[in-house]
Amino acid sequence: MKLLSSSAGKWVFRLSRRDLDALRTTLQLRVLLLRQPRSITSDTATTNELMAAQADFDLALNEHRRELNETVDGLLADPERCVVAKNGACDLTLTASDAELLLQALNEVRVGAWEKLGRPDFESGEIPEPSESNLHAYWALQLTDGFQGQILMALMNGE
């Protein structure tokens, strides 16, 4: 993934056929690396009000994730924003909001992978052993790092 140009709040990235396939495959890993449920409270006490609030929270979060996935999938399928050449390469044009959505979708995969690995503290050197059961998580971390890094660098250096 390489930044071709940036102007007027738009960034154009060139993705080789391999890059585009890797991006799509990485985003498809959302199904294998589902995020763990989050509690809105750390209390162990469960009242009807807390249970109702948790159910509302879960519903809203799932709806947000569904909309995010649909939007990002639509972005990559849009022939005006993802112009595919004969060799399979793609020029992907992103606005700031498109880039934010793509970063969010990649981060969902990244955090799901981190959770699948047992939430290791990488900064302190805690690295779980690779195994057959967590190989997708390792792969997803590497790819999301690369894609997020390229997008963030472009946004930070762009206009």
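Computed from the coordinates by the stated procedures, all read-outs in this text should not be read as laboratory data. Everything numeric here is computed off the predicted structure, so don't read it as measured data. Don't worry about glycine lacking a Cβ; one is built from the backbone with ideal geometry, like all the others, and counts go over all protein chains shown.
Identify, among Pro37, Asn134, Ala55, the residue whose Cα sits farthest towards the positive end of the charge dipole of the chain, taking +1 on the Cβ of Lys and Arg and -1 on the Cβ of Asp and Glu, with the dipole about the Cα centre.
Asn134
Net charge near Leu94: determine it from the other residues with C-beta under 10 Å of the C-beta of Leu94, scoring Lys and Arg +1 and Asp and Glu -1. If you can, show how the numbers build up before the last one.
Details: positive: Lys10, Arg81; negative: Asp98, Glu100.
My count for the surroundings of Leu94 gives 0.
Placing +1 on the Cβ of each Lys and Arg and -1 on the Cβ of each Asp and Glu in the chain, which of Thr144, Pro79, Leu101 has its Cα farthest towards the positive end of the resulting dipole?
The listed residue farthest towards the positive side: Pro79.
Applying the Karplus parametrisation 6.51 cos²θ - 1.76 cosθ + 1.60 with θ = phi - 60° to the phi angles of the range 13-30, what ³J(HN,Hα) value in whole Hz is obtained for each residue in order, glycine and proline being reported as x?
10, 9, 10, 5, 4, 5, 4, 5, 4, 5, 5, 4, 5, 4, 5, 6, 5, 3
Treating only the Cβ of Lys, Arg, Asp and Glu as charged (+1, +1, -1, -1), what charge dipole size does the chain show about its Cα centre? Round to the nearest 20 debye. Please report the intermediate quantities before stating the final value.
Working: 16 positive and 24 negative charges, 140 e Å.
For this selection, approximately 680 debye.
Relative contact order of the chain, please, whole-number percent, based on alpha carbon pairs below 8 angstrom and at least 6 residues apart. Kindly include the intermediate steps, with their values, before the conclusion.
Working: 165 pairs, mean separation 56.3, N = 159.
Answer for the chain is 35 percent.
Grab the beta carbon distance between Asp145 and Ser7, set R0 = 25 Å, and tell me the FRET efficiency rounded to 0.05. Please list the in-between numbers first.
Values: r = 27 Å, r/R0 = 1.07.
Computed FRET efficiency for Asp145 and Ser7: 0.40.
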